[in-house]
Amino acid sequence: MIDQTLPREQIASPTQVWQAGLLAAVIASVGNLIVYFIANAAGMAFNLMPADVPAPPFPLVVVMATFIGILLATLVFSLMPRFTQRPISMFRIVGGVALVLSFLQPLLLTTGMMPLPEPVSTGTILALELMHVIAGVTAIYLLTTRARA
């Protein structure tokens, strides 16, 4: 049963939603690159690929991961009206849960489950977690404010 007491939320046109998603991806990528360059200059290593796998330049990994994550979030946001009358409110919840769950990925680097060439420092983990916060908060904020009808 759908609660009729709450007003129905509208999101913008698909073009505006994807523009907001691309803007979020660009802004978050810049923010994440700033975090990476500061952390790298402070001596934190980002050699996170297994020893036998050639690693692309880490700034490229940062931008690619940020764009892919935010474009997936944009897709989820664009589909929300199909499942709820309150897509903006629901996306904030889903996005928040996804952000919290994303914190597990950098923490898994400390478990030894991946054969890394060197141990991952606490500083590197914190920098990666901050990058997740930047990407998640930027996507949630811009999609739910700029892509609102």
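The values are calculated or read from the model by the stated rules, or taken from the named source; none is laboratory data. In this text, all values refer to a predicted model and were calculated from it rather than measured experimentally. Glycine also receives a Cβ, built like all others from the backbone with ideal geometry; neighbour counts cover every protein chain displayed.
At-a-glance table
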{"quantity": "Residue match in the range 118-134 (condition: loosely packed, with under 13 Cβ neighbours inside 10 Å and in contact (Cβ under 8 Å) with a residue 60 or more places away in the chain)", "calculated": "yes"}
{"quantity": "Sole residue being modelled with pLDDT under 95, over 15 Å from Q10 (Cα atoms) and β-branched (V, I, T), chosen from T138, T66, T110", "calculated": "T110"}
{"quantity": "Subset of the range 1-51 that is among the small types (G, A, S) and farther than 20 Å from R148 by Cβ - its residue that is nearest to the chain's Cα centre (by Cα)", "calculated": "S29"}
{"quantity": "The listed residue being of a type outside the set (V, I, T) and either under 21 Å from V26 (Cα atoms) or not in a loop (DSSP other than H, G, I, E, B) (or both), out of M49, M113, M64", "calculated": "M64"}
